[in-house]
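The structure under discussion appears below in the form of structure tokens.
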Amino acid sequence: MINFFIVLGTFLFMEFVAWFTHKFIMHGFLWSLHRDHHVKDTTRWFERNDFFFLIFALPSITLFYFGVGESLEVTFFIGLGILLYGICYFLVHDTFIHQRFKVFKRSDSTYLRALRKAHKIHHKSFEKHHGSCFGMLIVPWKYVREARQSSKS
């Protein structure tokens, strides 16, 4: 049971890591990799921003490597939490929000509409600074209220 909580805790902590990385690294010194994610270019499928996948995957792979022995070590379960967050990120961000794969186009979920709106607000800025909504799964409450109101009308 403790391993489940290690995976869950790591998954939840990764939301903070994603927010911090997005705000201070992607919109900071690695803006050169992230910039193309804010500029719509329909001629290319891959973005330089996609290299962040590798940056986030390396710790997970390393933890898996060192966590497998005669028994599964704590590092394995931390790596699993990072992997599950990465899968969630791919499904939510790339598939649902940006529609890089044309599935999950419509949703009646208040949360998912709020999530999409928050991300849309983030992408209003094409600049390195002056952005908002840097997280992925935690949505500012005002967008949840807005989505709830729009579903009632």
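Assess whether His38 counts as being buried (at least 17 other Cβ atoms within 10 Å of the Cβ) and in contact with an Asp or Glu (Cβ under 9 Å, 6 or more places away or on another chain). Yes: the conditions hold for His38. Among the candidates Phe56, Phe64, Phe101, the residue that is part of a loop (DSSP other than H, G, I, E, B) and within 27 Å of Val7 (Cβ to Cβ) is uniquely Phe101. Can you name the residue in region 7-35 that is touching a residue at least 60 places away in the same chain (Cβ under 8 Å) and crowded, with 17+ Cβ neighbours inside 10 Å and is also farthest from Pro140 (Cα to Cα) among such residues? In this case the residue turns out to be Val7. Kindly check whether there is at least one residue in region 43-61 that is of a type in the set (Gly, Ala, Ser), under 18 Å from Phe11 (Cβ atoms) and in contact (Cβ under 8 Å) with a residue 24 or more places away in the chain. For region 43-61, residues of a type in the set (Gly, Ala, Ser), under 18 Å from Phe11 (Cβ atoms) and in contact (Cβ under 8 Å) with a residue 24 or more places away in the chain: present.
Yes or no, residue by residue, for (1) more than 19 Å from Phe16 (Cα to Cα); (2) among the β-branched types (Val, Ile, Thr); (3) at pLDDT below 80:
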{"residue": "Arg113", "(1), (2), (3)": "yes, no, no"}
{"residue": "Lys117", "(1), (2), (3)": "yes, no, no"}
{"residue": "Gly131", "(1), (2), (3)": "no, no, yes"}
{"residue": "Gly135", "(1), (2), (3)": "no, no, yes"}
{"residue": "Val139", "(1), (2), (3)": "no, yes, no"}
{"residue": "Arg148", "(1), (2), (3)": "yes, no, no"}
{"residue": "Ser151", "(1), (2), (3)": "yes, no, yes"}
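Look at (1) within 30 Å of Leu63 (Cα to Cα); (2) surrounded by 15 or more Cβ atoms within 10 Å (Cβ to Cβ) and you find that Ala118 fails only one, number (1). The combined condition, being of a type in the set (Asp, Glu), part of a helix (DSSP H, G or I) and either farther than 26 Å from Asn49 by Cβ or at pLDDT 85 or above (or both), is not fulfilled by Glu70. Among the candidates Ile55, Ile78, Ile2, the residue that is of a type in the set (A, V, I, L, M, F, W, C) and surrounded by 17 or more Cβ atoms within 10 Å (Cβ to Cβ) is uniquely Ile78.
The values are calculated or read from the model by the stated rules, or taken from the named source; none is laboratory data. As the structure is a computational prediction, the values presented were derived from the model and not from experiment. Because the Cβ atoms are built from the backbone with ideal geometry, glycine has one as well, and the counts that use them run over all protein chains shown.
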